[in-house]
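First the structure, which I've put down as structure tokens, then a few questions once you've had a look.
The values are calculated or read from the model by the stated rules, or taken from the named source; none is laboratory data. Remember, it's a predicted structure, so these values are computed and weren't measured experimentally. Cβ coordinates were reconstructed from backbone atoms using ideal geometry, including for glycine residues, and neighbour counts include every protein chain displayed.
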Amino acid sequence: MALLRIFLFLCLAFAAPAAAQTVAKHEMVAAANPLAAEAGLKMLKEGGSAVDAAIATQLVLNLVEPESSGIGGGAFMLLFDPKSGKTTSFDGRESAPASARPDMFLGPDGQARNKGQVIPGGLSVGVPGVVAMLEMAHKKHGRLPWAKLFEPAIGLAEDGFPVGRKFANTVARTSGLARLPDIKRAFYHPDGTPYREGETYKNPEFAASLRAIAKGGAKAFYSGNLAAKIVEAVQHAPENPGSMTLGDLANYKAVEREPVCGPYRDYRVCSMGPPSSGGVAIIQIMGMLQRFPVSELQPKSLSEAHLFTQASRLAYADRVKYLADSDFVNVPLTGLMDSTYIAGRAALIDPAKDMGVATAGTPPEKHTRYAPQKSPVLHGTSHLTIVDRTGQVVSMTTSVESVYGAKIMAGGFMLNNTLTDFSLQPVLNGLPVANAPAAGKRPLSAMSPTIVFDKDGKFLLSVGSPGGPPIIDYVCQSLVAMLDGGLTPQQAIDLPRQLNLNGPTMLESSPANDALAPQLTAMGHTVRVVTSESSGLHGIARIPDGYIGGADPRRDGVVLGD
Ligand code: GLU
């Protein structure tokens, strides 16, 4: 059966309309912007590793998609190393400064302040992790000199590039931006009009920051002139000034961690463990779904939409209660991914009826009693995935948290607002919240860079997405569509999104989903049909003679290879 599915997958892969660049023999980059993907491919062509290419791609993304990711933010990189046959992960998540306290986002009435009000400024800025993480990954897995990886971004920042569709739309359509002085200065003309698609945009200040890091390494970011600029921007933000210090920057450390892995039928799925909730939730959802036949998990079918949303409800219920930075709180990781526990959770799924709001389970592992957190959704993230000619694979999700992060800049780049990924309310109903803020702690994420292996342990596919907590469902839906539905990455990415974060069943409007809506309603779902979902999935799969990739049409992404 498994062999048949792989065969189907490969046949479909070859039969797919082969836009020349989406199939490649040796190496491939899938990223959210053509200039960024070109920078990555250039490094690969010059003999660089997937890690080298990821660094060049990230630096250009910072320039051309500044609202989504960059060196002022954080990231997770999942890496498959063909030499050792091992998968590892690099954690470049932002950490809370030493001054952070559990009540830092509470108002005078003891209640959490509104997330939108606490974001702009310095209070929400976590110590950025991208540069430290990239340097750590480069030291272990890079092949080209560090400074070389900066050349494409420095060139584009100094010479200028044509503003892309997403850049222009974000400036034009995000309300309230023009009142924010840094954004006004950076992304608006002196006459007050925003940069439009196709206009030439330069960022010499960012180029200078990149030159400093190219020359001095991560040290030039975490100390000296750049660090001073970051601290100045945070402490003297016009709204919500924060108290990050030079010491906080100097103390930041990226961490190499074991990824979390679990089975899906004959496949092995690996993704990011804490401080991301993504990997655990994906392993739970896939672990529940594998108990149902492949025939019931076909894309666009009623059974798939129903079963998927039910498994998702159960995983999200556990996520909000148990997941947080496991360096700070006791996360029952083994228990949450225990196959008997997951089977018990799957048994709660009624194939004919929506279960309503799921409650968290009791994983078979000692754990602290926590209250489930509440988390609003915001979007400022990007995902890239790269395979080099040695078979090294990088799946990396990178973020400044919400659009333009904290809406303040230093050195020509945006600073993140990732501290608002903590539960703003540290105690609920008399119980602590696992994801409450604390000094040095990393806020819970949903970012889920994922790599799947076949039954022989060979790389099969890699995927990830932006989108906040819905990331988990975006990634799982595409995994099921590729593994059970036999779809190519592009076909899976194009599917209209279906998700359930343990609330209403959200359907992205499309003929298929519109037709499912009344049927799901008849099964007891509260259905919300939405115009569009904010996925930005980018994926690559192995085919017999190379690779095939997919880029999300909801963004400006492309797949390039050779
Ligand atoms: N900050 C969110 C997280 O780490 C991601 C936000 C987004 O994807 O836009 O889960």
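For VAL320, only one of the following conditions fails: (1) out of contact with any Cys (no Cβ under 9 Å at 6 or more places or on another chain); (2) assigned to a helix (DSSP H, G or I); (3) within 16 Å of the ligand (Cβ to nearest atom); (4) modelled with pLDDT of 95 or more. What is its number?
(4)
Could we say that ASP514 is within 19 Å of the chain's Cα centre (by Cα), farther than 30 Å from ASP81 by Cα, at pLDDT 95 or above and not small (Gly, Ala, Ser) here?
For ASP514, the condition - within 19 Å of the chain's Cα centre (by Cα), farther than 30 Å from ASP81 by Cα, at pLDDT 95 or above and not small (Gly, Ala, Ser) - is not met.
Continuing with the same structure: Among ALA32, ALA53, which is modelled with pLDDT of 95 or more, within 20 Å of GLY391 (Cβ to Cβ) and crowded, with 24+ Cβ neighbours inside 10 Å?
Just one listed residue meets the conditions, ALA53.
Residues being away from the ligand (no atom under 15 Å from the Cβ), touching a helix residue (DSSP H, G or I) at 6+ places or on another chain (Cβ under 7 Å) and closer than 18 Å to LEU61 by Cα: count how many of those fall in segment 348-386.
1
Could you give every pair whose Cβ atoms fall below 6 Å, whose first residue belongs to segment 471-494 and is closer than 12 Å to PRO299 by Cβ, and whose second residue is assigned to a loop (DSSP other than H, G, I, E, B) and of a type in the set (A, V, I, L, M, F, W, C), counting only separations of at least 6 or pairs across chains?
Note: pairs meeting the criteria are SER478/LEU537; ALA481/LEU487; ALA481/LEU495; THR488/ALA16; ILE493/LEU537.
Further question on the same structure: Condition test on ARG497, is it within 16 Å of the ligand (Cβ to nearest atom), crowded, with 22+ Cβ neighbours inside 10 Å, at negative phi and at pLDDT below 95?
In short, no.
Still on this structure, I have one more. Residues that are of a type in the set (S, T, N, Q), at least 2 per element: which helices (runs of 4 or more DSSP H) completely within segment 97-206 meet that?
Of the helices (runs of 4 or more DSSP H) lying wholly inside segment 97-206, those with at least 2 residues that are of a type in the set (S, T, N, Q) span 165-173.
Sort through VAL480, VAL475 and tell me the only one that's surrounded by 23 or more Cβ atoms within 10 Å (Cβ to Cβ), among the β-branched types (Val, Ile, Thr) and away from the ligand (no atom under 16 Å from the Cβ).
VAL480
Of everything in segment 219-236, what is part of a loop (DSSP other than H, G, I, E, B) and touching a Leu at 6+ places or on another chain (Cβ under 8 Å)? Give them in sequence order.
The one that is part of a loop (DSSP other than H, G, I, E, B) and touching a Leu at 6+ places or on another chain (Cβ under 8 Å): SER223.
Here's another thing I want to ask about it. Sort out which residues of segment 439-463 are more than 10 Å from the ligand (Cβ to nearest atom) and within 12 Å of the chain's Cα centre (by Cα), and write them in order of number.
Listed by number, the residues that qualify are PRO449, THR450, VAL463.
Something else about it: Check off (1) at pLDDT 95 or above; (2) within 16 Å of the ligand (Cβ to nearest atom); (3) outside any loop (DSSP other than H, G, I, E, B) for ARG345 and give me the number that stays unchecked.
ARG345 satisfies every listed condition except (2).
What number goes with the only condition from (1) surrounded by fewer than 17 Cβ atoms within 10 Å (Cβ to Cβ); (2) touching a helix residue (DSSP H, G or I) at 6+ places or on another chain (Cβ under 9 Å) that GLY247 does not pass?
Condition (2) is where GLY247 drops out.
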